[in-house]
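Colleague: Can you read through this structure? Questions will come right after.
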Amino acid sequence: MDLERYRRQVVIPEIGEEGQHKLAASSVLVVGAGGLGGPLLYALAGAGVGRLVVVDGDTVSLSNLNRQFLFEQDDLGRPKAEVAARRLSAFNPEITVEGIPLQLEEQNAAELLAGCQLAVAAVDNLPARLALNAACAGRNIPLINGGVEGWYGSVQAVEFGKTPCLACCYAGTDPEVGGQALGAVTGTVASLMASVAIQMLLGHNPIPGELLLYDGKRMALEKVPVERSPGCPVCGKG
Amino acid sequence: MATVRYHGRLAELTGCREESLDGANVSKVLDQIKKRHGAEAGKLAKRSHILVDKRSAGAEKGFRTPVGVDSTVEFIPVCGGG
């Protein structure tokens, strides 16, 4: 590892050379390489996270290009996971990026998680979020979840057995109703997710048991405390 | 009366971030929101991620989740896109 690449972040007390080596030894599964996944992946690749597994079964379409900065006009029709892996590898050749052009489902979630210490849900559908949540719960792998709707976004960091999981929070909701997405907002929320991810890889959850809400219209961040649901079918105590 | 907190667009529609409302359960609180702030606010509130005393109502009894006089009910925008 060439530490010169990371010189400006190694001087951050919470990172240091030890933290940088920890990041280099880390593997992260990122599900979704779109409006959230793209900026988040750039941030993790730039920070030197050693192995990134990018799972996305979609191809690049024109309506993606208002916010999905991993892709260019010439990428239209190409698999997002493959383009993402190529671009991120060029951005930081020191790390390993695996692009997997599949939709994450209950049946393949466990296999995709193999060797990862952290997972990130940056996907646009609830079934994939919940499948990833269940697979992470089974292996006690922490999970960062992020979503956007218009000017608003939310971020949650799940530590199974300690904090509410996605099944606790998403039960009875229908998140995929709007589809409003602006690059300036997805980029901000993605950066918040990446900051949480890096801290969690270094051993610190900055938002335990809280939903971090971003309001891009008021330019405000709020933390809302949330508790585990005792009856949760995934992480419930009963 | 329960403390009701609004986030995101619902705070704009209601013109406030917090208020006190009556209601023995989530459904009754939603009725109050619709009555006080109009149909659009009521509809958006119903589609929100609703927390009652820090727990997701959806994981409890849904719209029948009890709301006490000292309860705090949060209405959070559902952010599922990516």
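The values are calculated or read from the model by the stated rules, or taken from the named source; none is laboratory data. Please read all numbers here as calculations on a predicted model, not as lab measurements. Don't worry about glycine lacking a Cβ; one is built from the backbone with ideal geometry, like all the others, and counts go over all protein chains shown.
Colleague: When region A:93-121 is examined, which residues are found to be within 16 Å of the chain's Cα centre (by Cα), under 24 Å from A:P233 (Cβ atoms) and not in a helix (DSSP H, G or I)? It would help to see each step written out before you state the result.
Modeller: Taking region A:93-121 and keeping what is within 16 Å of the chain's Cα centre (by Cα), we get A:97-100, A:103-104, A:109, A:112-113, A:116-121.
Now narrow it down to the ones that are under 24 Å from A:P233 (Cβ atoms): A:103-104, A:109, A:112-113, A:116, A:118-121.
Result: A:Q103, A:L104, A:L113, A:C116, A:L118, A:A119, A:V120, A:A121.
Colleague: What strands (runs of 3 or more DSSP E), lying completely within region A:122-238, carry at least 3 residues that are crowded, with 22+ Cβ neighbours inside 10 Å and at the interface with chain B (Cβ under 8 Å from one of its Cβ atoms)? So that I can check it myself, show each step before the final result.
Modeller: Values: elements: A:143-149, A:152-158, A:210-215, A:220-225.
Those strands (runs of 3 or more DSSP E) span A:143-149, A:152-158.
Colleague: What's the total number of residues in region B:1-59 that are of a type in the set (A, V, I, L, M) and over 28 Å from A:L126 (Cα atoms)? Steps first, please.
Modeller: Let us first name the residues in region B:1-59 that are of a type in the set (A, V, I, L, M), namely B:1-2, B:4, B:10-11, B:13, B:21, B:24, B:26, B:29-30, B:33, B:39, B:41, B:44-45, B:50-52, B:57, B:59.
Keeping just the survivors that are over 28 Å from A:L126 (Cα atoms) gives B:1-2, B:21, B:24.
Qualifying residue count for the region: 4.
Colleague: Among B:R9, B:R5, B:R55, which is more than 20 Å from A:D215 (Cβ to Cβ) and either of a type in the set (F, W, Y) or within 14 Å of chain A (Cβ to nearest Cβ) (or both)? Lay out the reasoning, then the answer.
Modeller: On the way: B:R9 fails: more than 20 Å from A:D215 (Cβ to Cβ); B:R5 fails: more than 20 Å from A:D215 (Cβ to Cβ).
Criteria check complete, one pass: B:R55.
Colleague: Looking at region B:1-45 only, could you name the residues that are closer than 24 Å to A:R218 by Cα, basic (K, R) and touching a residue at least 12 places away in the same chain (Cβ under 8 Å)?
Modeller: Listed by number, the residues that qualify are B:R5, B:R9, B:R17, B:R36.
Colleague: Which one is nearest to the chain's Cα centre (by Cα), of the residues in region A:19-42 that are among the hydrophobic types (A, V, I, L, M, F, W, C) and assigned to a strand (DSSP E or B)? Let's see the steps before the verdict.
Modeller: Residues of region A:19-42 that are among the hydrophobic types (A, V, I, L, M, F, W, C), as a first pass: A:23-25, A:28-31, A:33, A:36, A:40-41.
When the remaining residues are screened for being assigned to a strand (DSSP E or B), the result is A:28-31.
Values: A:V28: 9, A:L29: 8, A:V30: 5, A:V31: 7 Å.
It comes out as A:V30.
Colleague: So if I check each of A:E18, A:E4, which one is free of Cβ contacts under 8 Å to residues at least 12 places away in the same chain and closer than 17 Å to A:P93 by Cβ? It would help to see each step written out before you state the result.
Modeller: Numbers: A:E18 fails: closer than 17 Å to A:P93 by Cβ.
Matching residue, one of A:E18, A:E4: A:E4.
Colleague: Within the bounds of region B:67-80, is there any residue that is modelled with pLDDT of 95 or more, under 10 Å from the mean Cα position of the chain (by Cα) and more than 13 Å from every other protein chain (Cβ to nearest Cβ)?
Modeller: Looking for residues that are modelled with pLDDT of 95 or more, under 10 Å from the mean Cα position of the chain (by Cα) and more than 13 Å from every other protein chain (Cβ to nearest Cβ), one finds none in region B:67-80, hence no.
Colleague: Here is a follow-up. Of the residues A:A33, A:A47, A:A81, only one is small (G, A, S) and more than 27 Å from A:Q180 (Cα to Cα); which? First the steps, then the outcome.
Modeller: Values: A:A33 fails: more than 27 Å from A:Q180 (Cα to Cα); A:A81 fails: more than 27 Å from A:Q180 (Cα to Cα).
Unique residue meeting the criteria: A:A47.
Colleague: Now for a different question. Right, A:G48: in contact with a Ser or Thr (Cβ under 8 Å, 6 or more places away or on another chain) and among the small types (G, A, S) or not? Spell out the reasoning first.
Modeller: Details: in contact with a Ser or Thr (Cβ under 8 Å, 6 or more places away or on another chain): no; among the small types (G, A, S): yes.
No; evaluated as a whole, the condition is false for this residue.
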